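A.B. asks: Have a look at the structure that comes next, please.
The values are calculated or read from the model by the stated rules, or taken from the named source; none is laboratory data. Just so you know, these numbers come straight off a predicted model, no measurement behind them. When we count neighbours, we look across all protein chains shown, and the Cβ atoms used for this are built from the backbone with ideal geometry, even at glycine.
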Amino acid sequence: MNWKYLIENIDKSKENRNEVDLITLGETEFSKFDIPWLNADETPLKSYWYAKWYCTDTWVGGKLYFFDDEFIASSWQSARKASENFQWASKEAYEKVSVYLESIRQIDEIAGLGISFHDDLEQEIEDGYMIEYSCNLLNIHRDNQVIIKETGDKAKIVETWTLMKDIERWRLAKVELENGEVKELRMDDIKFPYLLK
């Protein structure tokens, strides 16, 4: 086995393809910032696993990178918190990716920092925010009232499900309305008030 054989025989199926994180690649390998997120179908840069395993909650291992189907680099990441280390096929391959990343940068007028501004502080906003899973709730969410989106009624969360055996209920919460009625609602039917004084 050698690199040439591995490169020529890599599984390029959609199932083995890995989304290329252009933002991290641009920052860590090229010191280029303001790179937009593009999905795999929007970029000529693709990567495929040649070795992978699951580390805590992240796939890690070795990848081969291709630009317009031409091999440009390999990478290795030994663990979830480890850096992804690149080895480039050639100086020309490295420069080709650098030029590509430069061409898709989205530079803001303010020193290229991608800063956004509030244009109108009087603009109306929702009276609360959403939390997708009840297992993500903190004590501040449980101790305070929530808002039922459909009616605007206030309620208190009285039960949530956080264990793996209850995973199918993570998007649910049991609430008690101000009149004492207890209901089981989907998390997307509930808003959490902003943390105000």
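A.B. asks: List the number of the failed condition for ASP11; all other conditions in (1) part of a helix (DSSP H, G or I); (2) loosely packed, with under 15 Cβ neighbours inside 10 Å; (3) modelled with pLDDT of 90 or more hold.
C.D. replies: For ASP11, the exception is condition (1).
A.B. asks: Identify all residues within the range 141-196 that are of a type in the set (S, T, N, Q) and closer than 16 Å to MET130 by Cβ; write none if there are none.
C.D. replies: Answer for the range 141-196, where residues must be of a type in the set (S, T, N, Q) and closer than 16 Å to MET130 by Cβ: ASN144, GLN145, THR160.
A.B. asks: Sticking with this structure for a sec: Can you find even one residue in the range 140-147 that is modelled with pLDDT of 90 or more, of a type outside the set (A, V, I, L, M, F, W, C) and surrounded by 13 or more Cβ atoms within 10 Å (Cβ to Cβ)?
C.D. replies: Scanning the range 140-147 turns up no residue that is modelled with pLDDT of 90 or more, of a type outside the set (A, V, I, L, M, F, W, C) and surrounded by 13 or more Cβ atoms within 10 Å (Cβ to Cβ).
A.B. asks: Do you know which residues across the range 47-75 are closer than 14 Å to ALA89 by Cβ, of a type outside the set (Phe, Trp, Tyr) and crowded, with 16+ Cβ neighbours inside 10 Å?
C.D. replies: Of everything in the range 47-75, those that are closer than 14 Å to ALA89 by Cβ, of a type outside the set (Phe, Trp, Tyr) and crowded, with 16+ Cβ neighbours inside 10 Å turn out to be SER47, LYS63, LEU64, ILE72, ALA73, SER74, SER75.
A.B. asks: Among (1) modelled with pLDDT under 85; (2) under 24 Å from SER98 (Cβ atoms); (3) not aliphatic (A, V, I, L, M), there is one condition THR56 misses while meeting the rest; what is its number?
C.D. replies: Of (1) modelled with pLDDT under 85; (2) under 24 Å from SER98 (Cβ atoms); (3) not aliphatic (A, V, I, L, M), only one is false for THR56: (2).
A.B. asks: Same structure again: Do you know which residues across the range 7-19 are over 18 Å from TRP53 (Cα atoms) and out of contact with any strand residue (DSSP E or B) (no Cβ under 6 Å at 6 or more places or on another chain)?
C.D. replies: Answer for the range 7-19, where residues must be over 18 Å from TRP53 (Cα atoms) and out of contact with any strand residue (DSSP E or B) (no Cβ under 6 Å at 6 or more places or on another chain): GLU8, ASN9.
A.B. asks: Quick one: in the range 87-113, which of the residues that are under 14 Å from LEU25 (Cβ atoms) and within 22 Å of the chain's Cα centre (by Cα) is modelled with the highest pLDDT?
C.D. replies: Only one residue fits best here, namely LEU101.
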